[in-house]
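The structure under discussion appears below in the form of structure tokens.
A short reminder: the numbers here are calculations on the coordinates, not readings from a lab. On a predicted model such as this, the values are computed, not experimentally measured, just so you know. All Cβ positions, glycine included, derive from the backbone under ideal geometry; neighbour counts span all protein chains shown.
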Amino acid sequence: GDSVTQMEGPVTLSEEAFLTINCTYTATGYPSLFWYVQYPGEGLQLLLKATKADDKGSNKGFEATYRKETTSFHLEKGSVQVSDSAVYFCALSDGGATNKLIFGTGTLLAVQP
Amino acid sequence: DAGVTQSPTHLIKTRGQQVTLRCSPKSGHDTVSWYQQALGQGPQFIFQYYEEEERQRGNFPDRFSGHQFPNYSSELNVNALLLGDSALYLCASSTRQGLQVFTGNVLTFGAGSRLTVL
């Protein structure tokens, strides 16, 4: 079945460092891809999305490009801030009748001042 | 505009008991999905409700059941609780149209109900 694999954390960075969180997927069809963020004590928030190959999603300085040839959707940010500390989830939508989401296991990002 | 509201926020139960979790969807949304997030894991799809019917179910036993009311709110029931049912239960709402013409960002998640089974 469809699945998402993302790099294990925690990822610890200093403020203003470059961030990459790797995500690869397995899917039989043409999924949409997402990055969600979960701050402590809060629900999931959509960070960015891409619905077809070569699309680039971007939001709040974060970017990810849908790479069909490598089945990847890596999350990047050029300069992280302490406020970016959270758990990041890569996910795909299987495009079925309910468009349910399939999530990776999450990557904890800790940014130190 | 209130988003998705879940209750209770935290609860503790013992093995064998039953629990009911509640979800009020975002205003204008008619579809509710439930996810289970175990500690250190990503959320897993339990089921989705639309027009008061279960539309799709994930890989969860029949101990997990749900209901949707005419006002679109929803309940998740878990019977015969096991230690492994300890998790954060997330409710997400959306519009049916938004899911069918999928453009992304159509799911709004609540903050979750954290269930601890002792």
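Picking from A:65, A:12, A:20, A:70, which residue would you name as being in contact with an Asp or Glu (Cβ under 6 Å, 6 or more places away or on another chain) and farther than 22 Å from residue B:45 by Cβ?
A:20
Only one of these conditions is not met by residue B:28: (1) in a loop (DSSP other than H, G, I, E, B); (2) within 14 Å of chain A (Cβ to nearest Cβ); (3) not hydrophobic (A, V, I, L, M, F, W, C). Which number is it?
Residue B:28 satisfies every listed condition except (2).
Which residues, counting only those in the stretch A:49-69, are touching a residue at least 12 places away in the same chain (Cβ under 8 Å), within 26 Å of residue B:110 (Cα to Cα) and more than 9 Å from chain B (Cβ to nearest Cβ)?
Matches in the stretch A:49-69: A:59, A:60, A:61, A:62, A:63, A:64.
Mind listing just one residue for me: the one in the stretch B:43-98 that is more than 14 Å from residue B:30 (Cα to Cα) and assigned to a helix (DSSP H, G or I) and, of those, nearest to the other protein chains (Cβ to nearest Cβ)?
For the stretch B:43-98, the residue satisfying everything is B:84.
So if I check each of A:46, A:109, which one is on the phi < 0 side of the Ramachandran plot and at the interface with chain B (Cβ under 7 Å from one of its Cβ atoms)? Step through it out loud before you land on a result.
Working: A:109 fails: at the interface with chain B (Cβ under 7 Å from one of its Cβ atoms).
Testing whether each residue is on the phi < 0 side of the Ramachandran plot and at the interface with chain B (Cβ under 7 Å from one of its Cβ atoms) leaves just A:46.
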